[in-house]
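One structure is given below, encoded as structure tokens.
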Amino acid sequence: MSDKENRQLKGFNNFSKFLAIYLLIGISMLYMYQYFTRTQQVEISYSKFKSLLLEDKIKKCTISEKYISGVYLSKEGKEKRFITVAVNDPDLVKELQAHHVDFSGKVTNTWLTNLIFGWILPFGFLFFIWWLMTRKMRGTSGGLFGFGKGRFKVYLNEKPDVKFSDVAGAEEAKQEIQEIVEYLKDPQKYQRLGGRAPKGVLLVGAPGVGKTLFAKATAGEAGVPFISISGSEFIEMFVGVGASRVRDLFNEAKKLSPCIVFIDEIDTIGKSRAMSSLTSNDEREQTLNQLLAEMDGFDSSKGVIIMAATNRPEILDPALLRPGRFDRQIIVDKPDVKGREEIFKVHIKKIKIGGDVDIKKLAQMTPGLVGADIANIVNEAALLAARENADSVHMEHFEEAIERQIAGLKKKNKVISEEEKKRVAYHESGHAICAYLLPGADPVHKISIIPRGLSALGYTQQLPVDDRYLLTKEEMLDKVITLLGGRAAEELIFGSISTGAQNDLSRATDIVRAIVSQFGMDEKIGLMVVEEPTGPRFLSGDGFLARADKVSEKTKEMVDEEISRILKESYDRAKEILQNNRDKLEKLASELLKKEVINEEELKAIMEGDSGN
Ligand code: ADP
Ligand code: ZN
């Protein structure tokens, strides 16, 4: 937003300064050396020197290992300095004595030349190349010796002027963060009142949904400084830089506390160590360890809140999510129609629009787009209007801007087609209807066809009524049927199935496998436990997992048969349920296509409404 007001604490460009001085000294030393040794000297050959000696023209000389230098009398009778290369001449000393030349020996004084040519210049050159390279890699001038220092954007104006009102929608997230705001306003008071000091908040959401904006607004609401850095900025070509940057970051934060430290793209450093074992990356690991150590180390009463953002929470190292670290996770969803309308309103405030602009319609025209896209669209529309010298921004400008934005995203494969959207709507409706009608399935909390992340195009969120420790076989089967309901709906409506159900299938298979082989719930397999659950509890004793080895091949085959039989029967049951409620399926799907998100009450209204004559 108002980046002009965010002054950046610029790092000293120490290295380039250092380099300049270094080269300057080197070059001037070289010149000085040449001035004193060369310019006034005449270089003569050894034979010339010898003949001058015989002519008594040499007044004095200094003999070193490599050179003989001194003063001779020129033809005009002037004293001149000379230098000649020494040759192996054993008689020289005798001859010098015979001609009464004042001579002295000298230890070869080449240290200066050696220093300059052997060390200063090559090193200066190397440093120069290095500097060029690192500068290129960082894009901007980064201080080599100012590692990290001043590389964070610090919003020095005590209160970043972004407020929650600038963040449209995201009401749930705002409520969840309210506690942090209270804490930051007065950390001591908060703790006196008995609150446990929070430390880390992980914002999860697709790129452009406004995670950074939200973090900034949190600082704005609390009136505290905001320090931000991107995870990728920690990882440099030099090992150890990342860790030292983390240290600097936390030192800076302690000085500014209470404050918010925001780490964008935390997945670049926080990737699960197990996941990246193939390409072990010491630098990343060191950085991550340093981050964990700093988070554990600082006293949370100091009022430093670490906020981090990622769009791939599933790849994060579990260590990051432990209590006392990023133990609070806030999901920032892609906006639904209403959310997009709000976002349009926030951004349209900044421009002058014509009376024909229908914000509701704009929101309907931009399914799947996020806040950043909308900000772009408004900006682009204003530019288009300006280009036409229009007095204000009109609907046609918005329409053109939306088209451009969507075309741009299509190129990047980020927009789902109408056909796909329809399929997703039916798929999710299938889940929801099964869940609604089956007593053993968890009640539906929310159905959404707003794409979330890379794999899930939509989702049906079910919340268990209460924590359950015991499940009956019927309840488990109801869950399986619900999971298969998505695919069943696709088959029913489109006559074909898509790859969208893959996760459903593997979850359904897992449940059925447990029914058959762990819980003794299958008639054919009976009470025999074929497999133990492979939870971490069992990892300590190796004997537990080996049970499958003690099972005969025949039993294993039977287990497989039973699993596929139960899956098939559950799938047929799902199809039957949907067939009998086809009207509701159609209604729910079309409603979903319109609203994108449907909550519990809306689902209930559709399900309990007149059963479509
Ligand atoms: P992220 O950090 O999730 O990638 P950003 O916070 O950088 O997203 O969002 C980029 C821009 O998009 C913001 O600066 C803002 O202009 C706009 N934007 C995103 N979400 C919203 C929102 N909910 N309300 C208003 N503007 C938004
Ligand atoms: Zn599904």
Original post:
Has the stretch 207-229 got at least one residue that is surrounded by fewer than 20 Cβ atoms within 10 Å (Cβ to Cβ) and free of Cβ contacts under 8 Å to residues at least 40 places away in the same chain?
Top reply: no
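Look through the stretch 174-211, keep the residues that are part of a strand (DSSP E or B) and within 16 Å of ligand 1 (Cβ to nearest atom), and return whichever of them is nearest to residue 324 (Cα to Cα). Step through it out loud before you land on a result.
Initial filter on the stretch 174-211 (part of a strand (DSSP E or B)): 200-204.
Narrowing the set further to residues that are within 16 Å of ligand 1 (Cβ to nearest atom) leaves 201-204.
On the way: 201: 10, 202: 12, 203: 16, 204: 18 Å.
The residue in question is 201.
If a residue must be of a type outside the set (Asp, Glu) and either within 16 Å of ligand 1 (Cβ to nearest atom) or within 35 Å of the chain's Cα centre (by Cα) (or both), how many such residues does the stretch 498-522 contain?
Taking the stretch 498-522 first, the residues of a type outside the set (Asp, Glu) are 498-503, 505-509, 511-521.
Keeping just the survivors that are either within 16 Å of ligand 1 (Cβ to nearest atom) or within 35 Å of the chain's Cα centre (by Cα) (or both) gives 498-503, 505-509, 511.
Of the residues in the stretch 498-522, 12 are of a type outside the set (Asp, Glu) and either within 16 Å of ligand 1 (Cβ to nearest atom) or within 35 Å of the chain's Cα centre (by Cα) (or both).
Tell me the residue from 497, 525 that is modelled with pLDDT under 90, away from ligand 2 (no atom under 16 Å from the Cβ) and outside any helix (DSSP H, G or I), please.
Values: 497 fails: away from ligand 2 (no atom under 16 Å from the Cβ).
Residue meeting the stated conditions: 525.
Within the stretch 317-350, track down each residue that is of a type in the set (Val, Ile, Thr) and either touching a residue at least 60 places away in the same chain (Cβ under 8 Å) or within 16 Å of ligand 2 (Cβ to nearest atom) (or both).
Within the stretch 317-350, the first condition is being of a type in the set (Val, Ile, Thr), and the residues that meet it are 330-332, 337, 343, 346, 348.
Result: 330, 331, 332, 337, 343, 346.
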Subject >> Failed criterion for residue 486 (all others in (1) over 17 Å from residue 565 (Cα atoms); (2) without any contact (Cβ under 8 Å) to a residue 40 or more places away in the chain; (3) of a type outside the set (A, V, I, L, M, F, W, C); (4) within 16 Å of ligand 2 (Cβ to nearest atom) hold) >> reply: (2)
**OP:** Please name all residue pairs, on different chains or six or more residues apart, with Cβ atoms under 7 Å, provided the first residue is in the stretch 356-376 and is over 17 Å from residue 595 (Cβ atoms) and of a type in the set (Val, Ile, Thr) and the second residue is outside any helix (DSSP H, G or I) and within 14 Å of ligand 1 (Cβ to nearest atom).
**Re:** 370/206; 370/208; 370/209; 370/334; 370/335; 374/366
Subject >> Candidates 265, 252 - the one that is modelled with pLDDT of 85 or more and among the charged types (D, E, K, R) >> reply: 265
Original post:
Of the residues in the stretch 297-311, how many are part of a loop (DSSP other than H, G, I, E, B) and either modelled with pLDDT of 85 or more or surrounded by 15 or more Cβ atoms within 10 Å (Cβ to Cβ) (or both)?
Top reply: 3
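Just checking, which of 399, 428, 420 is surrounded by fewer than 20 Cβ atoms within 10 Å (Cβ to Cβ) and within 16 Å of ligand 2 (Cβ to nearest atom)?
Being surrounded by fewer than 20 Cβ atoms within 10 Å (Cβ to Cβ) and within 16 Å of ligand 2 (Cβ to nearest atom) holds for just one of 399, 428, 420, which is 420.
Does the stretch 367-391 hold any residues that are touching an Asp or Glu at 6+ places or on another chain (Cβ under 7 Å) and either in a loop (DSSP other than H, G, I, E, B) or in the same structural domain as residue 211 (by TED's automatic domain parsing) (or both), and which are they? Give the derivation first.
We begin by selecting, within the stretch 367-391, every residue touching an Asp or Glu at 6+ places or on another chain (Cβ under 7 Å); these are 367, 384.
Listed by number, the list holds a single entry, 367.
The values are calculated or read from the model by the stated rules, or taken from the named source; none is laboratory data. Small disclaimer: the values here were computed from a predicted structure and weren't measured. We place every Cβ from the backbone using ideal geometry, glycine too, and count neighbours over all the protein chains shown.
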